[in-house]
1. Please determine, in degrees from 0 to 90 and to the nearest 10, the orientation of helix B:299-308 with respect to the longest principal axis defined by the Cα atoms of chain B, where the helix direction is its Cα long axis.
2. Taking H as built 1.01 Å from N, whose amide H comes closer than 5 Å to the amide H of B:SER343, not counting residues under 5 places away?
3. For segment B:269-343, what class follows from the C-alpha gyration tensor (a ≥ b ≥ c being the square roots of its eigenvalues): rounded when a/c is under 1.5, otherwise prolate if a/b is larger than b/c, else oblate?
4. Hey, fewest Cβ within 10 Å first, where do A:THR56, A:THR138 land in order?
5. Between segment B:288-314 and segment B:351-377, what is the separation of their alpha carbon centroids in Å?
6. From other protein chains only, count the Cβ atoms within 10 Å of every residue's Cβ in B:319-329, then give the mean.
7. What do you get for the angle between helix B:97-108 and the principal long axis of chain B? Use alpha-carbon atoms, 0 to 90 degrees, nearest ten.
8. What percent do you get for the relative contact order of chain B when only Cα pairs under 8 Å and 6+ apart count?
Amino acid sequence: MNYSKEVLKHFSKPHNYGKIDNYDGLGRVGNMACGDEMFVYIKVKDNIIKDIKFETFGCVAAIATSSVLTDLAKKKTIEDALKITKQDVVDALGALPPIKIHCSVLAIDALTQAVYDYYIKNKIVIPKDLEERHNQITKRESCHS
Amino acid sequence: MIYFDYAATTPVDKRVIKSMMPFLNEKFGNPSSMHSFSSETKKVLEKSRVIIAKAINASSNEIIFTGSATESNNMALKGVAFAKKRGHILVSSIEHDCVLNTAKWLGENGFEIDFLPVDKYGIVDPKEVEKRIKKDTILVSVMHVNNEIGTIQPIETIGKICKKNNIYFHSDAAQSFGKIPIDVTNIDLLTLSSQKIYGPKGAAALFVKDGVKIEPLLHGGGQERGLRSSTENTPAIVGFAKATEICLSTMEKEQKRLTKLRDKIIATLIKEVPNCYLNGHQTKRVSNNVNVRFSSIEGEAILFMLNSYGIAVSTASACSSPKLEPSHVLSSMGLKQEEAHGSIRISMGRWTKESEVNYLLKILPEVVKKLRDISPHK
């Protein structure tokens, strides 16, 4: 596998990994049978992602995309964090091998689910597009879709 | 960097390189020519054939030189199939892709293919062969040593069953030749490789027992008894023979040394790393192969992290394969996908030192711990 320098940097020294015990939102996507599973924890204050951490089971790309995603989302407003695209993740990493692009999708999905979880827990009205994204993510059954 | 991937390929031994050098320039003649330039190459070609034949208790006319073990395996399966024209072929489900995909291709082209199951250790039960043989079975192919998990298959017994039933038996010995004694008394076709035994790439052989009828894949000038046309790759073949000689003369001692290192790695990892398991059989296993799995982490990540510590191993995890498919060997043994994901292969060889094994045993548990710290499952 040909990984960019940035991917390998994030993989060997991942940023923001671990649990947030008193998290405000948790997004869990993927599963071990597929080979990638990501948990993203967020702590929110005044609509801003104050803290974000991840736990990932998976390959080099899965760990690197999780790490870079937490960098991109930290200190952003929820709305801005939801605007992060898989391309933003790929660009921040320099490049990702084509068969590993699904890892960047997984990272975005995990963040989306964490925000959704935060909204539900705090009884915040869920915007329509977030509801749609959430439904799409939960519908995905096969690996690496 | 420390190399623990000898099962993938080996560096060429300096003595082998030395033996090859004259045949790259001054003794370059085409063995098929009539003039004096060819006399030496013709002679050395036949001498090499004798060395390799003796190594497996065969006659020299039964050795066909090819360009790779993949070619030899293709030649064995397609060669028999084309000669027989139709029929049923049995192959084990843990064969190397070059046997499996050849068998599948034959299956799409008029032949009936059956895959032999393996037990939880990755070993074929000869009774399964007996059970699955049909009236029109033309060939059984079971590898000698599996490339991923190193298990040694009962090819003697399977060979006898085939002989009794008058069916050709082929075995891919790419991972065992030079490491385990082989006798072809009950084998009809056997694949041998040079690049796994400190010989050059581009040289391999297929043993074709006297009287076994196969069709060639390559037609042309009729070299290699008409079974493999192509100007012989004399330098590589000379190197292959030299590599064989060295392996045979050091086999017993080297296998003892590697077995000790292998067992040390297995015992230490299982004792010191929680939820670490051996893939394959503990003793019916080639001396240089360790294949272990760690729960909750993924093989490609282990490989890259070890690489950053200067250690090269391999993995057959799905995430490392171009199609993101899990290893067919581990699945055939009944491992669940989530179990197979965390597997790595550590393979040793001629230059593996105990100090390198000790370094691996220091670093690998740290790497596993680091990745488990990142994983949601501990």
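Throughout, read-outs are computed from the coordinates displayed, never taken from laboratory work. Please read all numbers here as calculations on a predicted model, not as lab measurements. Glycine also receives a Cβ, built like all others from the backbone with ideal geometry; neighbour counts cover every protein chain displayed.
1. 90 degrees
2. Excluding prolines and chain starts, which carry no amide H, the hits are B:PHE294, B:GLY299.
3. Rounded, because the longest to shortest axis ratio a/c is under 1.5.
4. A:THR138, A:THR56
5. 8 Å
6. 3
7. Here the helix axis deviates by roughly 70 degrees.
8. On the way: 754 pairs, mean separation 79.9, N = 378.
Relative contact order for chain B comes out at 21 percent.
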